[in-house]
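Here the structure comes first, spelled out in structure tokens, and everything after it is commentary.
Every read-out reported here was derived from the displayed coordinates using simple, explicitly stated rules and does not represent laboratory data. On a predicted model such as this, the values are computed, not experimentally measured, just so you know. Note that we place each Cβ from the backbone using ideal geometry, even for glycine, and neighbour counts take in every protein chain shown.
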Amino acid sequence: MQAVHIYDGFLSTPVWATMDVAAVPAVGYIVRRAQRGFDDSRVPLLGVMGAFVFAAQMINFPVGVGTSGHLVGGALLACTLGPATAGVVMCAIIAIQALVFQDGGILALGANLVNMAILGVLAGYLPFYLWGQTAWRKLAIFAGGALSVMVSAMLALAELLLSGVPMPGSMLGISLGLFAVSALLEGAITLAVVQALEAIQPGFIRKPATGRSFARGAVGLAAILLAAVGFLFASAAPDGIERLGLQTGVAHSRAVIRSPLADYELDFLRTPWIRRAGAGLAGVGLIYGACWLIGRGVARRRSA
Amino acid sequence: MHHVVLERWSRGSSPLHRRDPRAKFGALLIFLVVLATAHRSLPILSVALLALLAGTLLWARIPLSRALARAAVVLPFTLVFAAVCWVAGDPARGLALLLKSYLSALAVLAVISTTPLPLLLHGLETAGVPRFLLMVAQFLYRYLFVISEEAQHMRVAARSRGAGTREFAAQPARFRAAAGALAVLFARSYARAGDIHHAMLARGFLGHFRTLGSLDFGRTDAAFLALASLVPVLVRVVIERMT
């Protein structure tokens with residue numbers, strides 16, 4: 001997991017601001033989802049399972065000679081607690097890592113949450129949701145673990161590339177290779193732990209309902225993969241995007257995606273920095289306002 | 001464990017410790033934005049902001065050298081990227097990555113080492129972050145040490161039974177053993193959560209946490225927030241005017 005944590009200073013202002021704005025409704029939604037049909041009695045459970053994922057880093061799994069890896073946990077939590085609940089636990093983990101351990105930035109929190117807690121967990125659950133009750137069950141659990149790490153890593157790489165962090169082709173290839181290895185390892189660990197858990201007590205593993213539409217699921221899975229891969233390649237080749245009509249005209253912001261904040265980033269790059277900082281602060285204010293509104297919405301719904 | 005030191009630091013009694021968590025968090029966000037949006041004369045600005053943070057830490061009576069070392073946790077990852085930037089012919093960007101990520105981590109550390117986490121989370125709750133998520137984070141932090149200790153014990157136990165062997169042929173067995181250990185840790189954590197809940201109910205838990213002191217955003221806090229937000233902005237204005 002450490003490999004895909006993004007620190008403050010890596011992302012350009014439009015990227016982190018957009019990801020923060022995107023993370024607010026997403027986190028609000030999964031929190032509401034996790035609370036549905038769920039009483040407060042399970043709050044300690046989620047917290048303790050988050051602590052479990054932290055502690056699981058101490059148990060080393062041998063890989064090759066002299067190296068070892070450890071569990072990342074998104075897919076395992078999704079198979080045991082359910083996707084929304086697992087997402088909330090991962091959100092809490094990432095927030096604690098950023099606040100207490102300085103592992104991951106505060107402004108980059110939105111990006112880290114979307115990469116790992118929301119899309120990573122979702123991608124980790126999808127294969128299990130689709131094929132958890134079929135003959136492909138083992139493969140589905142393995143694929144879930146691998147996919148969750150791979151999707152998080154590709155999103156993080158794409159965000160870094162969009163922010164203009166230079167990454168020569170060879171470096172990109174090496175990091176994708178490393179991520180692929182850790183993704184396969186995560187798949188293997190997830191599968192091994194699920195099997196060991198079933199040996200202890202089968203009730204721990206959720207049983208996804210049968211009769212899912214195979215075609216619909218496959219399309220969904222392909223869409224997630226394509227989106228992640230496409231996002232990565234689009235950001236690796238910003239010239240293509242620029243040719244599509246987004247002339248930036250500014251050397252160091254060569255890759256700016258069309259986003260609500262992108263437009264005025266272009267404007268204020270040419271003006272005194274105070275307006276730029278003001279725009280950043282306005283962004284923070286906007287995020288805060290959105291957080292507050294969603295919080296209110298959740299509270300009202302809960303008390304109704 | 002190394003994070004226990006944070007618990008000790010955050011329970012000090014300096015003027016900075018006594019400020020409202022919301023004031024400190026607001027000032028932190030402004031500091032981070034000022035730093036993140038800086039492009040021109042970044043090295044000089046970084047030195048100034050580092051001095052500002054160091055002054056803040058000294059004012060709060062946090063051991064400076066240990067805080068500086070703790071914030072260096074971001075450096076291994078950042079150094080790799082800085083090296084890549086260097087190779088790619090953009091050393092200025094590499095330096096910017098290093099300075100910005102290190103100073104951001106130090107700023108977060110300055111806030112978290114002067115604010116106990118329960119108070120900070122309570123402050124965030126009154127600022128509108130979903131309470132459910134914060135309660136999960138609170139439990140996570142509380143039991144992090146307990147479950148980590150348990151994992152540590154299991155690791156020692158596994159080592160003493162020969163899990164440290166480097167033999168390649170033994171790897172599949174070691175892999176399965178590690179998976180088994182994790183499964184046991186999972187089951188124990190699950191059972192512990194049930195016990196915790198029962199104990200909470202027995203003590204009259206009503207579904208949310210209550211902190212002993214109530215948060216009160218007073219005039220001093222407002223003054224602190226105004227001052228702490230203005231200083232980094234002014235520092236940047238002055239430096240960018242001069243250069």
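Below 16 Å, Cα to Cα, which lysines can A:Lys207 reach? Residues fewer than 8 away in the same chain don't count.
Partners within reach: A:Lys138.
Report, as a whole number in µm² per second, the diffusion coefficient that Stokes-Einstein gives for the range B:120-243 at 4 °C and 1.567 mPa s using the Kirkwood radius over alpha carbon pairs.
66
In nm, give the distance between the simple-model label positions of B:His208 and B:Arg11, each being 7 Å from the Cα along the Cα-to-Cβ direction.
2.7
Would you tell me the mean number of C-beta atoms belonging to other protein chains that fall within 10 Å of each C-beta in B:99-108, as a whole number?
Across B:99-108, the average partner-chain Cβ count within 10 Å equals 5.
Checking the cross-link filter: which lysines have an alpha carbon closer than 22 Å to that of B:Lys24, excluding same-chain neighbours under 8 positions apart?
Qualifying lysines at Cα under 22 Å: B:Lys100.
Over the Cα atoms of the range B:130-202, what is the Rg over Rh ratio if Rh follows Kirkwood?
We get a ratio of 1.13 for the range B:130-202.
Write down the Kirkwood hydrodynamic radius of chain B, to one decimal in angstroms, obtained as one divided by the mean of 1/r over all alpha carbon pairs.
21.4
Mind jotting down the three principal axis lengths of the range A:70-192 based on Cα atoms? Whole angstrom, largest first.
44, 34, 22
Counting helices only, and only those DSSP H runs with n ≥ 4, report the 222 nm mean residue ellipticity of chain B as the sum of -39,500 (n - 2.57) divided by its residues, in deg cm²/dmol to the nearest 500.
Helices in chain B give a 222 nm mean residue ellipticity of -25000 deg cm²/dmol.
Given H placed on each backbone N at 1.01 Å, which residues far from A:Gly69 in sequence or on other chains put an amide H within less than 5 Å of it?
Under 5 Å from the amide H of A:Gly69 lie the amide H atoms of A:Phe61, A:Val63, each far enough along the sequence or on another chain.
Round to the nearest 10 and give me the degree value, 0 to 90, for the angle of helix B:75-87's Cα axis relative to the longest principal axis of chain B.
60
For the range A:2-236, evaluate the Debye formula with one uniform point scatterer on each Cα (no solvent term) and list log10 I(q)/I(0) at q = 0.18 Å⁻¹, rounded to two decimals.
After summing over all Cα pairs, the log10 values are -1.52.
Per residue Cα convex hull volume for the range B:1-131, in cubic angstrom?
Roughly 122 Å³ of hull volume per residue.
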